[in-house]
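Below is one structure; the comments refer to it alone.
The values are calculated or read from the model by the stated rules, or taken from the named source; none is laboratory data. Computed from a prediction, not measured in an experiment: that's the story for all the values here. In this analysis, Cβ positions are derived from the backbone assuming ideal geometry, glycine residues included, and neighbour counts consider all displayed protein chains. We work out accessible area using only protein heavy atoms, side chains counted, and drop any ligands, DNA or RNA first. Shrake-Rupley method; radii C 1.70, N 1.55, O 1.52, S 1.80 Å.
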Amino acid sequence: MKKALKGILISIFLGGSLTAQEVNTPATAMQWWKDAKFGMFVHWGLYSVTAGQWKGKPSKGNEHFMLYERIPVKEYAKIADDFNPVKFNADAWVKGAKEAGMKYVVFTSKHHDGYAMYDSKVSDYNIVKTTKWHRDPVKELAAACKKYGLKLGLYYSLGRDWEDPDVPTNWPEKAGRSNTWDFPNEDEKVFAKYFERKVKPQIKELLSNYGPISIIWFDTPELISKPESLELEQFIHKLQPNCIINSRIGNGLGDYLVSEQQISATKMTKPWEACITMSGKWSYNRYDKAWKSPELLIRQLVEIVCKGGNFLLNVNPDGQGALPQQSVDNLKEIGAWMKVNEEAIYGVQPWAVTNESLPVDASVGAKAVTGIVDTDNDNTVKGITPDIYFAQKNRVIYVYARSWSAGDMLIKSMGRTNSSVQTVSLLGSKEKVEWKQDSRSLSVKLPAKLPTGIPVYVFKVTI
């Protein structure tokens, strides 16, 4: 994953225009994605085997460590000798995603190291040809997604490939993210050769051999030209017309925008997705201790949905193919919350007001602000304080009371001048909710007994 730059305004970070002429994905294909709201990102590759260590020492760059440690392709490829993921279970991964309330899975078919995590006939540099395991995880994930009714998306590193001799880069400077130790002459590199030799043939494989692929999730467009981005978009839609493409195909194309490790400061009118790590790293790292709590993750889900986005939450299986226990535990808690509150997630839209901040005092059961250790590319807020968010679906306004433990709510955005309230209920509770609306606000008395689990409560307000 490309590191997010701290301090950049989200409006710039999400920049890139979309035009009707350039986007020809059917509206029905985009609609399932807009309604789904929640998906699982999976980072898994050779870098998972080394798990943050190289030659007995902590490595730099995590899944980018081939670049940071300047490891020759031939040496890096030998990691595959130890790649035997006997604990890999596509069924368990996808079932876990479904039970967590997720509607789609995006899997890393090829990361920046150029190593294909599927049976590629284009390049022998892949998991089937170079490991003793000899299995194709994409094939197994496709079968599991079909079984559980989830959509399958595939991540593909577009503008970076450290195994290929023809991939130049220009950030943060010329050759800044290129393999210059194996291929030192940056001026001789011709992206078009790599594009024709590897990108298009591998995209064709991915879209031809595994049934319906609902998303192609490109990363790092780097130096791809506008004509090449357009050609690739048309190439994908010719193979699979209903396949959605993210904006990292480059040059302002694609069906939706991407915010990495960051949540938009305001609601967005264009389709967008926040991809965020569950822990401190995208891929498995034995030194990674920066786990987000289920409460923090649900807070993020609510904020993203109320701002019109999708939440792509990353998990990072280890070198044996097993999800870390903390991931499994978090997904179970998230799933329990989703079973109660899913109607307030799927298919909702931003309301006129996004959120209200509240005074932090004992009357609302304020929590002390807590946090986790920041990582080098995570710009999400870690503090936990009570607040209110809003979303809508038809005549229903959902009011999300985040991290609430006691006290009543005074909702200033829902006075009679804005909307006439008919009923108020609490999802997951059979208790009657007492409420009163005047011209200035809606006051809600919280039931004495609140639903158990994550303290993010959703009130269903019909207007």
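Quick notes on this one:
- Cα gyration tensor, the chain - rounded (a/c under 1.5), prolate or oblate: prolate
- Whole-number percent relative contact order across the chain, with pairs defined as alpha carbons under 8 Å at least 6 apart: 17 percent
- Gyration tensor verdict on the range 13-142 (Cα atoms; rounded if a/c is under 1.5, prolate if a/b is larger than b/c, oblate otherwise): prolate
- Distant-in-sequence amide H partners of ILE244 (H built 1.01 Å from N, under 5 Å): ILE215, ILE216
- Accessible area of HIS237 in the full protein assembly, 1.4 Å probe (Å², nearest 10): 20 Å²
- In plain terms, the chain from LYS146 to ALA265 could stretch by 39.3 nm, reckoned as 0.36 nm per residue minus the Cα-Cα distance.
- GLU333 sits with roughly 100 Å² accessible to a 1.4 Å probe, with DNA, RNA and ligands left out of the calculation.
- Annotation: for a label point projected 7 angstrom from Cα along Cα→Cβ of GLU186, residues of the range 157-175 with backbone N closer than 20 Å are 158-175.
- Projecting label points 7 angstrom from Cα along Cα→Cβ for ARG440 and TRP133 puts them 6.2 nm apart.
- In sequence order, calculated HN-Hα J values of the range 197-203 (Karplus, 6.51, -1.76, 1.60; Hz; x Gly/Pro): 7, 10, 4, 4, x, 6, 4
- Here the range 27-255 carries DSSP beta bridges of which approximately 15% are antiparallel, counting only pairs with both residues inside.
- Centre separation in Å (Cα based) which lies between the range 390-418 and the range 212-248: 39 Å
- In terms of distances greater than 25 angstrom between alpha carbons, the cross-link table entries LYS98/LYS281; LYS267/LYS430; LYS87/LYS147; LYS332/LYS449 yield LYS267/LYS430.
- Debye log10 I(q)/I(0) for the range 141-195, one point scatterer per Cα, at q = 0.12, 0.31 Å⁻¹: -0.42, -1.26
- For the peptides 139-145, 304-310, the ranking by packing is 304-310, 139-145, with the highest mean count of neighbouring Cβ atoms within 10 Å listed first.
- Principal-axis tilt of helix 90-99 within the chain, Cα atoms, nearest 10 degrees: 20 degrees
- Three-way shape call for the range 27-255 based on the alpha-carbon gyration tensor, with the a/c threshold at 1.5: oblate
- Segment GLN320-ASP408, length gained on full extension (0.36 nm per residue, minus Cα span): 26.8 nm
- Rounded FRET efficiency, nearest 0.05, which uses the C-beta distance separating GLN349 from THR417 and R0 of 30 Å: 0.90
- A cut-off of 5 Å between modelled amide H atoms, ignoring neighbours fewer than 5 places along the same chain, links VAL106 with MET40, PHE41, VAL42, GLY153.
- Only Cα pairs under 8 Å and 6+ residues apart enter the sum, and on that basis the relative contact order of the range 273-328 stands at 46 percent.
- Share, in percent, of DSSP beta bridges within the chain that are antiparallel, nearest 5: 50 percent
- Degrees, to the nearest 10: 226-239 long Cα axis against longest axis of the chain: 80 degrees
- Accessible surface for LEU323 stands near 40 Å², nearest 10, in the context of the full protein assembly shown (1.4 Å probe).
- Here each label is just a point 7 Å from Cα along the line to Cβ, and for ASP329 and TYR287 those points are 2.3 nm apart.
- Contact order relative to length of the range 232-342, as percent, for alpha carbon pairs under 8 angstrom and 6 or more apart: 20 percent
- Under the simplified labelling scheme, the LYS430-LYS60 pair shows an inter-label distance of 6.2 nm, with each label point 7 Å from Cα along Cα→Cβ.
- C-alpha long axis of helix 27-36 to longest principal axis of the chain, angle in °: 60 degrees
- Accessible surface, 1.4 Å probe, highest first, among residues TYR284, TYR256: TYR284, TYR256
- Based on DSSP H segments of at least four residues, each scored -39500 (n - 2.57), the chain has a per-residue ellipticity at 222 nm of -6500 deg cm²/dmol.
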